[in-house]
1. Take the residue pairs Lys72/Lys133; Lys27/Lys201; Lys16/Lys72; Lys27/Lys213; Lys88/Lys285; Lys139/Lys161 and return only those whose Cα atoms are more than 21 Å apart.
2. With Cβ to Cβ distances under 12 Å as the rule, what net charge do the other residues near Phe274 carry (K, R +1; D, E -1)?
3. How large is ³J(HN,Hα) for each residue in region 425-440, as worked out from phi by the Karplus curve 6.51 cos²θ - 1.76 cosθ + 1.60 (θ = phi - 60°), to whole Hz, x for Gly and Pro?
4. Subtract the Cα-Cα distance of Glu275 and Thr26 from 0.36 nm times their separation in residues, and report this length gain in nm to one decimal.
5. Calculated FRET efficiency, Gln8 and Thr193, Cβ-Cβ r, R0 22 Å, to nearest 0.05?
6. Using the reciprocal of the averaged 1/r over all distinct C-alpha pairs, how large is the Kirkwood radius of region 75-163 in Å?
7. Over region 3-203, with a single point scatterer placed on each C-alpha, what log10 of the ratio I(q)/I(0) does the Debye formula yield at q = 0.15, 0.16, 0.17 1/Å?
8. Would you mind checking which residues have amide H under 5 Å from Ala69's amide H? H placed 1.01 Å from N; only 5 or more apart, or other chain.
Amino acid sequence: DAIPSADQIRITTSLKSQRGSVWTKTKSVFEYWEVEVTFRVTGRGRIGADGLAIWFTEEQGLEGPVFGAADKWNGVGIFFDSFDNDGKKNNPGVIVVGNNGKLLYDHQNDGSTQALASCQRDFRNKPYPVRVKIAYYQKSLTVLINNGFTPDKEDYEFCAKVDDMVLPSQGYFGISAATGGLADDHDVLSFLTFQLTEPGKEVPTPDAEIPQKDKEKYQEEFEHFQQELDKKKEEFQKEHPDVQGQPGKITYAFSLAADDLFETVSDRELRQIFEGQNRIHLEIKQLNRQLDMILDEQRRYVSAVTDEIAKRGAGFPGQQGQVSQQEIETVVKTQEEVIRQVNEIRNSMADTLRLISGAQHPGSAAGVYETTQHFNDIKEHLHVVKRDIEHLVQRNMPSNEKSKCPDLPPFPSCLSTVHFFIFVAVQTVLFVGYIMYRSQQEAAAKKFF
């Protein structure tokens, strides 16, 4: 079911029960190698299926049940599994599975019983293409991932590593994908292979690794292509006698300049939303650090107030000592309640941070409502903490002394609470507006595959 085009290969379309794969025609003779793969996995659903796999096997894996390729392979498969078959809520994930040609893949458990290494990464519906770098060097397999959040092509992060892994000395590279009851578009934009050599070791020439029969075939194809190119140049010069030089290079340079100057409306909107979500993410992390500082300061204040009341209770015998003991218990309970409220704020901030981190793709109106509700809860908790602290200070300070709250650590001057909530409100309005616009566009869109 794979569909090739000029700039990518759609391994499977977003239709049910699709299978597709692409394989190299000849075996790789590299002892150590590295591949860089750029792909997109996109779909309209919140959950996709089944996933995509990158292969290095002794034989070509034709159509089969393992992400579109055959089972019982001899080599290694790196699986990008987007559907949670075992219900453990650990998908989308990346799994490294080796096979000696005799094992059947455990699809129902997402390969967890056979995985040599794995990591949990969400690779669906990212603003930029996802990049994967897989290196096999001295019996060690390493997987690095660029999660598609930034346009930086070298922004890789560690995913998995397998030591003492023995792979076939020669094999085929391939990439496959499959869909089931749910479906995604699996598009491969590039697949680059590199040979790795030890430092100081002489690298064999490329001609020495290609059989003579293949050399002759490639040379014949090159000569045929060169003749076609010369013929097209002559035709172009006859049709455009006023154009001098090399027309192919002129056209290519112009197309590059045009691509650098302009961007589509959808790309610009997606970039703006992604940048706004990143700003919210950073602001919430800053607020979370400030809440941690408030919690530490509150704990120190509780300790100081408790010690002071205990000293006063010890200095007055009789009835006054009994009253002081009761006040101590009241103060301790009140402070425990305050600490509990601050802990709830901290947990709420952590939940909000996870929500913002996961909201990289435009969601539904329910997601917007949940985000707004989180900020309302934070505001309410802050008012409760402030009221409890003021009440505690008024109860425990003598009447002839002026009430004074403990000094809080200095807050950064770059952000105030008012500015933060104004920014969040504006961002929420823009987010809702984009969702409404996107819904109208999707309703009018037609599916081509």
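1. Values: Lys72/Lys133 24 Å; Lys27/Lys201 23 Å; Lys16/Lys72 24 Å; Lys27/Lys213 15 Å; Lys88/Lys285 28 Å; Lys139/Lys161 11 Å.
Long pairs (Cα-Cα over 21 Å): Lys72/Lys133; Lys27/Lys201; Lys16/Lys72; Lys88/Lys285.
2. Computed value for this residue: +1.
3. Values, residue by residue: 5, 5, 5, 5, 4, 5, 5, 5, x, 5, 4, 5, 5, 5, 4, 5 Hz.
4. Working: separation 249, 0.36 × 249 = 89.64 nm, distance 4.36 nm.
That works out to 85.3 nm of additional length.
5. Numbers: r = 17 Å, r/R0 = 0.79.
E(calc), rounded to 0.05, equals 0.80.
6. Details: mean 1/r = 0.0723 Å⁻¹.
13.8 Å is the Kirkwood radius here.
7. Debye output, listed in q order: -0.88, -1.02, -1.17.
8. Gly64
Values quoted throughout were computed directly from the atomic coordinates according to the rules given, and no laboratory measurement underlies them. These numbers were taken from a predicted model, which means no experiment stands behind them. Every residue, glycine among them, receives a Cβ derived from its backbone with ideal geometry; neighbour counts consider all protein chains shown.
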